Amino acid sequence: MKDPRDIVIRPILTEKTLNLKNTANQYVFEVARDANKIEVKHAVEQLFKVRVEKVQIINVKGKIRRVRRAPGRTRSWKKAIVKLKSGDSIPIFEGA
């Protein structure tokens, strides 16, 4: 089994994700490219000691950027939106 710290890479803190946290009790993370919903659910539950109700996963494609004369591409990554059961919260998001 994979280590939970290898699955959940970092939290995503933007205005939109903070609005999701406040209105719908949903938290957004960047996760490993090969992680699935079940692995993300277990990793979040183990790392933050919360109960996960639902997980949505999105593959974010890299944007095309210029590198001198040639077009390049930023890296693609995977995003997970995690809905927690009511009453649970993740403390690292509370300071934001």
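Within segment 30-44, the residues that satisfy the criterion of being open to solvent by less than 50 Å² (accessible area, probe 1.4 Å) and within 15 Å of Asp3 (Cβ to Cβ) are Val31, Ala32, Ala35, Val40, Ala43, Val44. Within segment 1-16, the set of residues being under 20 Å from Ile38 (Cα atoms) and outside any loop (DSSP other than H, G, I, E, B) comprises Pro4, Arg5, Asp6, Ile7, Val8, Ile9, Arg10, Pro11. The numbered conditions (1) out of contact with any helix residue (DSSP H, G or I) (no Cβ under 6 Å at 6 or more places or on another chain); (2) among the hydrophobic types (A, V, I, L, M, F, W, C); (3) assigned to a helix (DSSP H, G or I) are all true for Ala43 except (1).
With the condition being open to solvent by less than 100 Å² (accessible area, probe 1.4 Å), I'd like the strands (runs of 3 or more DSSP E) fully within segment 47-96 carrying at least 2 qualifying residues.
Values: elements: 52-60, 64-67, 70-73, 77-84.
Ranges flagged: 52-60, 70-73, 77-84.
The values are calculated or read from the model by the stated rules, or taken from the named source; none is laboratory data. Fair warning: this is a prediction, and the values are worked out from it, not measured in the lab. Don't worry about glycine lacking a Cβ; one is built from the backbone with ideal geometry, like all the others, and counts go over all protein chains shown. Quick note on the areas: whole protein, heavy atoms, side chains included, nothing else; ligands and nucleic acids left out. Shrake-Rupley method; radii C 1.70, N 1.55, O 1.52, S 1.80 Å.
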